[in-house]
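S.K.: Before I ask anything, let me first share the structure, which is written out below as structure tokens.
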Amino acid sequence: MQKPDLVLLHAPVNLDFRQKPIIYGPISDVIPSTPIFEMYPIGFVSIASHLEKNKIHTRIVNLANRMLQDPLFDVDSFISKLNPIAFGIDLHWLPHASGSLDLAKLIKRRHPTIPIIFGGLSATYFHHELIEYPFVDFVVRGDSTEAVVLQLLQRLKNNTPFEDVPNLTWKDNKDGIHFNAISHIPTDLNEVPLDYTYPVRSVLKYRDLSSILPFKNWLDYPITMALTCRGCTLDCISCGGSRYAYRNMCNRDKPAFRDPELVAKDIKSAQNFLNGPAFIIGDPFQASNDYAERLLRALKKEKISNPVVLEFFTPPPPDFFEKVNKAIPHYNVQLSAESHDEEVRRAFGKGYSNKKLEETIQNALKNGCERFDLFFMVGLSKQNYTSVLDTAHYCTSIMKEFSHEKKLHPMISPLAPFIDPGSKVYENPQKYGYHLYWKDLEEHCQALHAPTWKYMLSYETEWLTRDEIVESTYESAIILNKAKLELGLISSKDGASVDTQSREALSLIHAVDKAVKEYGPDFNREEVFSMATGTKHLNASTLCPKKELEWPASSILMSTPKILWNLIPRGGNNQKSG
Ligand code: B12
């Protein structure tokens, strides 16, 4: 088996999640991951494929998923057997703070001389703190690191200095810590392919399928992603991926877009291997109307037949769905409306009306959209308890309005567990009516070991206490679940299980509160948790069934012939495209 030069590792939320009982609650209910956030950043694939192209052997190991799949998977012994030039660990999402740091500590214990590199948006934000840890050697900052990681690995291989490697925070044994400026900021994304041949080849090269899987049930639900941009044009106040956050953290003044024709080719390349849906990340209208139109033309030209998921930050022009319908045979829509209350939505950073929202739903459903996912949040500026419940009632009314279609799926989930670092709210909480419980990296690490998600929450607002965020989340979920059940959007089995789980989770959270009050934070967790039917069961989607999130897809088995066909060398070029 090929020995990798760089091993990219993705840690779970907590390294001891299999032992320590925690009610993670709904923190991951509306994404494909479980609450241990086993999905690795998509950038792992672009880093790995870029390095491989430049003769640096790179292996991705999704430790979080390996631990989830196999209760006996031994991280320590797995790590001990590796011997690369360097290890890379993502701290992209802040909920990985504890897991990523504990993993680095464990690696350093086993391999004291192998450098450990951190990267990702949270690592970028907290690089000063990170580099102080004795087990962190480098932090690669910024949103585009493929070329930087390549330079760094080449320097490590050749033992040459790091002074002129852009975006790098590093330390040496003599002069201490160095902060090289973020000067590698690509203005477009055309040089960074999301090459889906990399994962397929890596399975063969490292004889390891389970390490590359993006999330727990990916083999049954092989969704792929295509990136339209890095950066954002919007300034949503609590988003750590907003224009404001990218400017301050990554030195990025405007988003870097990928040409729509290349995005369509990326999707085609994934489609050559897999039958699953392709999620186009980023509202195509962010760049311009012309970009969105070009994307449709390119998708049509590439004859994309897999379902395509289009996300919009604000309603697109009314005639757009007609054009989508002509360009691709299967598509779904994702839109985050945040709240039914237009004032709350405006305070968040989005100014459109409910009338506009409903017209958009209607236009999409009239024009072949197979499913419309509509997301709402709890924990917003100017949002009180009644407003959260009113959002659930609003969802019920629009579901009824479009009930003949059974294609509109509203979901409500909390802004949890943390306020994104680098967001406007994070930098200036009082201005937006927030109170933050913790700000530094270490405090976030501690919080991830709290007994329930209530104690993990890094904030409360002028309008909702932490308790109210939790209570209103479950109360609105129960209302929404009941409506979906009545309208036939979910099965009675799923409906019953969401209802039971929401109520049980809430009663366990109350039991923990009582214990904390009585015995303090060091109460006997095992004893209190044993009252529940099992934390595993409670951590499985409480607000909506995971299946409800899934767009139609066939399992990887259905794609096997395609994968094999595309790997057979034919006339010197064994790829159809991409
Ligand atoms: C697409 C997306 C997702 C996708 C994930 C796709 C994927 N697998 O990457 C989905 C929808 C699943 C998702 C989920 C979540 N997301 Co999200 N997501 C985004 C979004 C919209 C775009 C991300 C993006 O552009 N990536 C492109 C670039 C920046 O990242 P990348 O290519 O993956 O990685 C590059 C660099 O970051 C860096 N890098 C990353 N890791 C590493 C590791 C090493 C060693 C090195 C050297 C470099 C490096 O190099 C890469 C290549 O250049 C951003 C918002 C935004 N506009 O940025 C939010 C964002 C990143 N997500 C966020 C959050 C909070 C989450 C969730 C925790 C939400 C939740 N509670 O459910 C989950 C976590 C999922 C998990 N781990 O299981 C926050 C993160 C804030 C923070 N600092 O913690 C953001 C900023 C905004 C937001 N609130 O949505 N997300």
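S.K.: Consider PHE138 against the criteria (1) within 10 Å of the ligand (Cβ to nearest atom); (2) touching a residue at least 60 places away in the same chain (Cβ under 8 Å): it satisfies all of them except one. Which criterion is unmet?
M.R.: Single failed check for PHE138: (2).
S.K.: Hey, among the residues in region 212-234 that are surrounded by fewer than 20 Cβ atoms within 10 Å (Cβ to Cβ) and among the polar types (S, T, N, Q), which one's nearest to the ligand (Cβ to nearest atom)?
M.R.: Out of the qualifying residues, it is THR233.
S.K.: Only one of TYR385, TYR434, TYR426 is within 14 Å of the ligand (Cβ to nearest atom) and modelled with pLDDT of 95 or more. Can you tell me which?
M.R.: TYR426
S.K.: Let me ask something else about it. I need the full set of residues from region 152-190 which are without any contact (Cβ under 8 Å) to a residue 40 or more places away in the chain, within 17 Å of GLY120 (Cβ to Cβ) and in a loop (DSSP other than H, G, I, E, B), in order please.
M.R.: Passing the criteria: PRO166, ASN167.
S.K.: Please pick out the residue among SER202, SER144 that is of a type in the set (Ser, Thr, Tyr), within 28 Å of TYR246 (Cα to Cα) and touching a residue at least 24 places away in the same chain (Cβ under 8 Å). Can you show your working first?
M.R.: On the way: SER202 fails: within 28 Å of TYR246 (Cα to Cα).
Only one candidate qualifies: SER144.
S.K.: Please specify each residue of region 16-34 satisfying the condition of being open to solvent by 10 Å² or more (accessible area, probe 1.4 Å) and near the ligand (Cβ under 9 Å from one of its atoms).
M.R.: Answer for region 16-34, where residues must be open to solvent by 10 Å² or more (accessible area, probe 1.4 Å) and near the ligand (Cβ under 9 Å from one of its atoms): ILE27, VAL30, ILE31, PRO32, THR34.
S.K.: Restrict the check to region 3-15 and report whether at least one residue is in a loop (DSSP other than H, G, I, E, B), free of Cβ contacts under 8 Å to residues at least 12 places away in the same chain and open to solvent by 30 Å² or more (accessible area, probe 1.4 Å).
M.R.: Among the residues of region 3-15, not one is in a loop (DSSP other than H, G, I, E, B), free of Cβ contacts under 8 Å to residues at least 12 places away in the same chain and open to solvent by 30 Å² or more (accessible area, probe 1.4 Å), which makes the answer no.
S.K.: Hey, can you tell me all the residues within region 268-290 that are open to solvent by 10 Å² or more (accessible area, probe 1.4 Å), away from the ligand (no atom under 16 Å from the Cβ) and not charged (D, E, K, R)?
M.R.: Those that are open to solvent by 10 Å² or more (accessible area, probe 1.4 Å), away from the ligand (no atom under 16 Å from the Cβ) and not charged (D, E, K, R): GLN271, ASN272, ASN275, SER288, ASN289.
S.K.: Please go through region 35-52 and pick out each residue that is touching a helix residue (DSSP H, G or I) at 6+ places or on another chain (Cβ under 9 Å) and either open to solvent by 30 Å² or more (accessible area, probe 1.4 Å) or hydrophobic (A, V, I, L, M, F, W, C) (or both).
M.R.: Those that are touching a helix residue (DSSP H, G or I) at 6+ places or on another chain (Cβ under 9 Å) and either open to solvent by 30 Å² or more (accessible area, probe 1.4 Å) or hydrophobic (A, V, I, L, M, F, W, C) (or both): ILE36, PHE37, MET39, VAL45, ILE47, ALA48, HIS50, LEU51, GLU52.
S.K.: Does at least one position in region 412-423 carry a residue that is at pLDDT below 95 and out of contact with any Gly (no Cβ under 8 Å at 6 or more places or on another chain)?
M.R.: Within region 412-423, none of the residues are at pLDDT below 95 and out of contact with any Gly (no Cβ under 8 Å at 6 or more places or on another chain).
The values are calculated or read from the model by the stated rules, or taken from the named source; none is laboratory data. On a predicted model such as this, the values are computed, not experimentally measured, just so you know. Glycine gets a Cβ as well: all are built from the backbone with ideal geometry, and neighbour counts include every protein chain shown. Note: areas computed on protein heavy atoms with side chains; ligands, DNA, RNA excluded. Shrake-Rupley method; radii C 1.70, N 1.55, O 1.52, S 1.80 Å.
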